[in-house]
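Notes for the one structure printed next.
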Amino acid sequence: MKSFFEIVFASLVALFIFSILFLLFLGGLIGTQEIAPRVEKKTLLTLNLQVPISDRQPRQKFADVLDAALQERAQGRQTLREVVTAIDRAAEDERITGLFIKGNVVRDGYYSGWATLREVREAIDRFRQSGKPVVTWQESLDEATLYVVSSAQKIVLHPLGLMEFNGLAAEVIYFKDAFEKYGIDVQVTRVGKYKSAVEPFLRSHMSEENREQLQAVNPILKCPLFS
């Protein structure tokens, strides 16, 4: 009989803990869903580049949602679709009078990559072509941030702001000479001139075909700012 009550008590405790965790999880999901603000006339759309941009919907782990709910804060992520859609809709919305860009591009893992920034910049170009002004205020500028905000009609930099441009490059490490030195033989099957995945093991320098395709797939090289 005693063991029966122990089992019942343990089950009730487990059920109570599960209910608390479920309520916290549900509250976290509700809390992270922001209610869209009411758009008034003469509203200025703001794009904060410091919030990392993902090209897919971020995965929300239970621990992250629970932590955000307990600390009453939203997770700092925005998707590429949200950013591009907001800019495109604002270009056609008569209540939106302009676009204000702030903050430096912040990369967090694979967030805010060059391909993502290219799509954001193209959306800003479309917004500007609608006839509405695009203005940016920056405390510092680097290559990625300048690439995005270069579409603005006016770029304002803090008088004591920092500008740092280290250049853009694509590097490939080649191992042929090292393999020959240590007697390592590499045997591969290669079809086509542009199959460059195995080039580092077969060559000591970049082929013209690989150089051509690296330049073609680099979205930054197509930007007048860096061309």
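Data table
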{"quantity": "Single match in 98, 109 (criterion: part of a strand (DSSP E or B) and either exposed (fewer than 15 other Cβ atoms within 10 Å of the Cβ) or at pLDDT 70 or above (or both))", "calculated": "98"}
{"quantity": "Residue within the range 151-168 that is surrounded by fewer than 16 Cβ atoms within 10 Å (Cβ to Cβ), within 30 Å of residue 56 (Cα to Cα) and among the hydroxyl-bearing types (Ser, Thr, Tyr) present", "calculated": "no"}
{"quantity": "Residues satisfying the stated conditions in the range 96-142, i.e. closer than 15 Å to residue 48 by Cα and among the small types (Gly, Ala, Ser)", "calculated": "98, 103, 112, 123, 140"}
{"quantity": "Subset of the range 72-95 (residues that are surrounded by fewer than 18 Cβ atoms within 10 Å (Cβ to Cβ) and over 12 Å from residue 53 (Cβ atoms))", "calculated": "72, 73, 74, 75, 85, 88, 89, 92, 93, 94, 95"}
{"quantity": "Helices (runs of 4 or more DSSP H) lying entirely in the range 113-227 (those with 2 or more residues that are polar (S, T, N, Q))", "calculated": "114-129, 208-217"}
{"quantity": "Among (1) over 26 Å from residue 92 (Cα atoms); (2) small (Gly, Ala, Ser); (3) surrounded by 15 or more Cβ atoms within 10 Å (Cβ to Cβ); (4) assigned by TED's automatic domain parsing to the domain that holds residue 46, the one test that residue 140 misses", "calculated": "(3)"}
{"quantity": "Condition check for residue 92: farther than 20 Å from residue 149 by Cβ and at pLDDT 75 or above", "calculated": "yes"}
{"quantity": "Residue within the range 123-131 that is of a type in the set (Phe, Trp, Tyr) and under 19 Å from residue 90 (Cα atoms) present", "calculated": "yes"}
{"quantity": "Conditions (1) free of Cβ contacts under 8 Å to residues at least 24 places away in the same chain; (2) in contact with a strand residue (DSSP E or B) (Cβ under 7 Å, 6 or more places away or on another chain); (3) surrounded by 14 or more Cβ atoms within 10 Å (Cβ to Cβ); number of the one not met by residue 209", "calculated": "(2)"}
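The values are calculated or read from the model by the stated rules, or taken from the named source; none is laboratory data. For clarity, every value in this text was computed on a predicted model and none was experimentally measured. So basically every Cβ, Gly included, is an ideal-geometry build from the backbone, and we count neighbours across all protein chains shown.
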